[in-house]
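The structure appears right after this line, and notes come after that.
The values are calculated or read from the model by the stated rules, or taken from the named source; none is laboratory data. Note that this is a predicted model, so its numbers are computed, not measured. Every residue, glycine among them, receives a Cβ derived from its backbone with ideal geometry; neighbour counts consider all protein chains shown. Just so you know, the surface numbers come from the protein's heavy atoms only, side chains and all, with ligands and any DNA or RNA stripped out. Shrake-Rupley method; radii C 1.70, N 1.55, O 1.52, S 1.80 Å.
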Amino acid sequence: LGVSVYERHLESLHRTFRPDCWYLNTLQLAHLVHPARRLGVPVAGHVHEISHLLYDDVKARDLEVLVESARLLIGTAEAVCDELRTMGAPRVERLYPSVDLSALNPDSRRAAELRRQLGVGPTDFMWLMSGTPIYRKGIDLVPAIARHLPPNAHLIWTGGVATPNGSFFLVKKQLEQLKLRNVHFVGAQTSDYA
């Protein structure tokens, strides 16, 4: 019917709270630049996505309007910033994702126990990936990466979904067939995260 309930709700929230700026934390929200412009509110975008893999999910016109009209676009890597500049963004800044490691208090005994449970030796190297195990996060690359890790290196993937998808199923089967035991999907973590 030409009515977007989602956009109307955002416009109602905007009129209630009167924010000075809309912050779009992914290119997947590029379509929201249109209601923001109708309301005359500036937009800043935080771009995590890189290259064509995720741009397919964004309408060209939405991306074009976001790039041209955002007061600021923040890229999480120099490669992302380069792509934004290539698309004509007038103001691009880089801000690497960060975690305040000083706020984490890992328990060395619990860490040793978790390593033992996973079959990771006390001096083995561990790569950690945190995110939903989906194609958009690179789940399809895991078997190829795992094949090239030395025997004393492990890939630990934290994060999960309520219902595993087909990509996750395929990757697990590929790892089984390749007899790769250096990849560990540990699901979403809370108390054991550190």
Applying a 10 Å radius around every beta-carbon, put 128-135, 15-22 in order of their mean neighbour count, most first. 128-135, 15-22
So, with a 1.4 angstrom probe, what is the percent of accessible area on the chain that is carbon and sulfur? 55
With angles folded into 0 to 90 degrees, how steeply does helix 166-177 sit against the dominant principal axis of the chain? Use alpha carbons for both and round to 10. 20
So with the 1.4 Å probe, I'd like the accessible area per residue for the chain, rounded to whole Å². 66
Over the stretch 42-194, relative contact order from alpha-carbon pairs under 8 Å, at least 6 apart, %: 17
For the chain, what is the mean residue ellipticity at 222 nm derived from helices alone (per DSSP H run of n ≥ 4: -39500 (n - 2.57); sum divided by total residues; nearest 500 deg cm²/dmol)? -10500 deg cm²/dmol
What angle, in degrees between 0 and 90 and rounded to the nearest 10, separates the Cα long axis of helix 60-69 from the longest principal axis of the Cα atoms of the chain? 70
Keeping every protein chain in place, order Thr26, Thr190 by accessible area at 1.4 Å, biggest value first, i.e. largest first. Thr190, Thr26
How large is log10 I(q)/I(0) at q = 0.16, 0.21, 0.29 Å⁻¹ when the Debye formula is applied to the Cα atoms of the stretch 126-194, each weighted equally and without solvent? -0.51, -0.88, -1.46
Bin width 5 Å, alpha-carbon pairs only: give the P(r) of the stretch 1-77 as whole percents, running from 0 to the bin holding the largest distance. 3, 15, 27, 25, 17, 10, 3, 0, 0
Specify the angular offset, from 0 to 90 degrees and rounded to the nearest 10, of the alpha carbon long axis of helix 108-118 from the longest principal axis of the alpha carbons in the chain. 80
Return the Rg/Rh value of the stretch 7-156, two decimal places, where both radii are evaluated on C-alpha atoms and Rh is the Kirkwood radius. 1.10
Solvent-accessible surface ranking, highest first, for Asp140, Asp56 at 1.4 angstrom: Asp56, Asp140
